[in-house]
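S.K.: Structure provided below as structure tokens; questions to follow.
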Amino acid sequence: MVVPVIDFSKLDGAERAETMAQIADGCENWGFFQLVNHGIPLELLDRVKKVCSESYRLREAAFRSSEPVQTLERLVEAERRGEAVAPVDDMDWEDIFYLHDDNQWPSDPPAFKETMREYRAELKKLAERVMEAMDENLGLDKGRMKAAFTGDGLHAPFFGTKVSHYPPCPRPDLITGLRAHTDAGGVILLFQDDKVGGLEVLKDGEWLDVQPLPDAIVVNTGDQVEVLSNGRYRSAWHRVLPMRNGNRRSIASFYNPAFEAAISPAVGEGAAAAYPDYVFGDYMDVYNKQKFDAKEPRFEAVKAPKSA
């Protein structure tokens with residue numbers, strides 16, 4: 001099985017119905033799909049790759065002295081002494097920093113800020129187009145998902161970008177690149193490395209590669225899309241395996257509800273809701289403590305209103 005690859009340009013042409021069906025299959029049966037011909041200029045993607053790779057080179061020395069590296073070195077040394085060691089299960093072999101509208105961005109390399117502002121604007125537009133396709137496939141009014149994420153326009157959605165690198169790992173059997181999890185938010189758009197793999201999605205009990213594909217954007221659905229669709233779309237478990245060779249670049253952008261947004265299943269009159277109503281910020285409070293645990297208890301935890 002291969003993660004679906006969808007030509008997004010055909011959404012506006014004679015093959016629209018087939019393309020919409022492919023998007024529905026990706027959302028319902030995978031929680032993951034890849035978009036090609038998505039409208040983001042390839043020249044911009046090349047600049048994004050360049051400035052993010054340069055930014056990591058400036059951070060590389062710090063990663064070499066980071067806790068994951070030191071922990072792995074201690075395990076390897078203990079193993080050399082003949083001690084039994086167990087794989088690390090509470091940290092990831094990952095260098096990360098975050099970009100959103102009101103935090104401090106790297107000023108070096110000089111082109112980083114301008115390039116990533118341009119890229120994030122394009123990704124946000126693409127996310128909203130994908131959400132409109134989801135609305136249509138779910139039989140919802142156009143813009144229903146965006147309205148839910150913004151409190152009917154009262155709040156701005158939270159749009160964040162996580163810039164990650166997974167450097168070569170000498171002992172991938174002793175640590176993970178990124179532990180298995182589902183994403184808390186809405187629609188996630190990933191510009192992944194086109195040479196170094198490692199991203200896997202759980203499909204029917206089997207871990208499958210999300211194959212590197214040059215200039216594609218990987219889309220996955222988060223927990224809030226699962227709730228809004230009343231379980232028709234599912235947030236998918238995924239992970240990153242560390243690699244002995246190659247420095248994997250990963251740029252994930254998250255189109256999430258505003259923290260004040262009220263989230264509830266979009267069900268018709270008389271239909272049973274399979275998920276509770278809650279405020280997204282309350283869900284995030286739970287998620288931040290239980291990210292790598294089963295998602296069902298997270299929904300249970302926000303079911304009852306918080307006590308005063």
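S.K.: Residues with amide H under 5 Å of GLY160's amide H, sequence separation 5 or more or different chain, H placed in the peptide plane at 1.01 Å from N; which?
M.R.: PHE254, ASN256
S.K.: By how many degrees, 0 to 90 and rounded to 10, does the Cα axis of helix 280-290 deviate from the longest principal axis of the chain?
M.R.: 30
S.K.: Return the tail of the calculated pair distribution for the stretch 69-199, meaning the percent of Cα-Cα pairs more than 24 Å apart.
M.R.: That tail contains 50 percent of the Cα-Cα pairs.
S.K.: Let me check against my output: what whole-number percent is the relative contact order of the chain, with C-alpha pairs under 8 Å and at least 6 apart?
M.R.: Value for the chain: 21 percent.
S.K.: From the phi angles alone, apply the Karplus equation (6.51, -1.76, 1.60; θ = phi - 60°) to the stretch 240-250 and give each ³J(HN,Hα) in whole Hz, x where the residue is Gly or Pro.
M.R.: 10, 8, x, 10, 5, 10, x, 9, 6, 9, 8
S.K.: Kindly identify the stretch 136-245 as rounded, prolate or oblate by the Cα gyration tensor criterion: order the square roots of the eigenvalues as a ≥ b ≥ c, call it rounded if a/c is under 1.5, otherwise compare a/b with b/c, prolate if a/b is larger, else oblate.
M.R.: prolate
S.K.: Might you work out the accessible area of HIS100 for me, using a 1.4 Å probe with all protein chains in place, and round it to the nearest 10 Å²?
M.R.: 50
S.K.: Determine the dipole magnitude for the chain: charges of +1 sit on the beta-carbon of Lys and Arg, -1 on that of Asp and Glu, nothing else is charged, the reference point is the Cα centre, and the result goes in debye to the nearest 20.
M.R.: In debye, rounded to 20, the chain gives about 560.
S.K.: Along the stretch 56-67, what does the Karplus equation 6.51 cos²θ - 1.76 cosθ + 1.60 (θ = phi - 60°) give for ³J(HN,Hα), rounded to whole Hz, x for Gly and Pro?
M.R.: My calculation for the stretch 56-67 gives 5, 4, 6, 9, 4, 4, 5, 5, 5, 10, 7, 4 Hz in order.
S.K.: Using amide H atoms built in the peptide plane, which far-off residues or other-chain residues are under 5 Å from ILE263 H to H?
M.R.: TYR278, VAL279, PHE280
S.K.: If you don't mind, another one. Over all directions, the average projected area of the alpha-carbon convex hull for the stretch 261-305 comes to how many nm²?
M.R.: Over every viewing direction, the Cα hull of the stretch 261-305 projects on average to 3.4 nm².
S.K.: In addition: Could you order peptides 240-253, 105-118 by the average number of other Cβ atoms within 10 Å of their residues, highest first?
M.R.: Descending packing order for the listed peptides: 240-253, 105-118.
S.K.: Another question, then. Sum -39500 (n - 2.57) across every DSSP H segment of at least 4 residues in the chain, then divide by the residue count to get the 222 nm mean residue ellipticity, nearest 500.
M.R.: Here the helix-only value at 222 nm equals -10500 deg cm²/dmol.
S.K.: Quick query: amide H of THR176 versus all other amide H atoms, modeled in the peptide plane; which residues come in under 5 Å with a sequence gap of 5 or more or a different chain?
M.R.: TRP93
S.K.: Per residue, how much accessible area does the chain show when a 1.4 Å probe rolls over the protein heavy atoms, in square angstrom?
M.R.: 47
S.K.: Where the centre of each part is set by its Cα atoms, how far does the stretch 43-82 sit from the stretch 105-169, in angstrom?
M.R.: What the calculation gives is 26 Å, centre to centre.
S.K.: Indicate the gyration tensor shape class of the stretch 82-158 (rounded, prolate or oblate), computed on the Cα atoms with a ≥ b ≥ c the square roots of the eigenvalues: a/c under 1.5 is rounded; otherwise a/b larger than b/c is prolate and the rest oblate.
M.R.: Oblate, since a/c reaches 1.5 and b/c is not below a/b.
S.K.: Determine the share of the chain's accessible area contributed by carbon and sulfur atoms, expressed in whole percent, with a 1.4 angstrom probe. Mind dumping the intermediate values first?
M.R.: Details: 7190 of 14390 Å².
Carbon with sulfur: 50 percent of the solvent-accessible area.
S.K.: May I ask you to evaluate 6.51 cos²θ - 1.76 cosθ + 1.60, the Karplus curve with θ = phi - 60°, for each residue of the stretch 211-218 and list the ³J(HN,Hα) values in order in whole Hz, giving x for glycine and proline?
M.R.: 4, x, 9, x, 6, 7, 10, 7
S.K.: Further question: In Å, what Kirkwood hydrodynamic radius results for the stretch 3-276 from the alpha-carbon pair distances?
M.R.: When all Cα pairs of the stretch 3-276 are included, the Kirkwood radius is 19.9 Å.
The values are calculated or read from the model by the stated rules, or taken from the named source; none is laboratory data. These numbers were taken from a predicted model, which means no experiment stands behind them. Heads up, the Cβs are rebuilt from the backbone with ideal geometry, glycines too, and the neighbour counts pull from every protein chain shown. The protein model used for the area step is the full one, side chains on, heavy atoms only, and it has no ligands, DNA or RNA in it. Shrake-Rupley method; radii C 1.70, N 1.55, O 1.52, S 1.80 Å.
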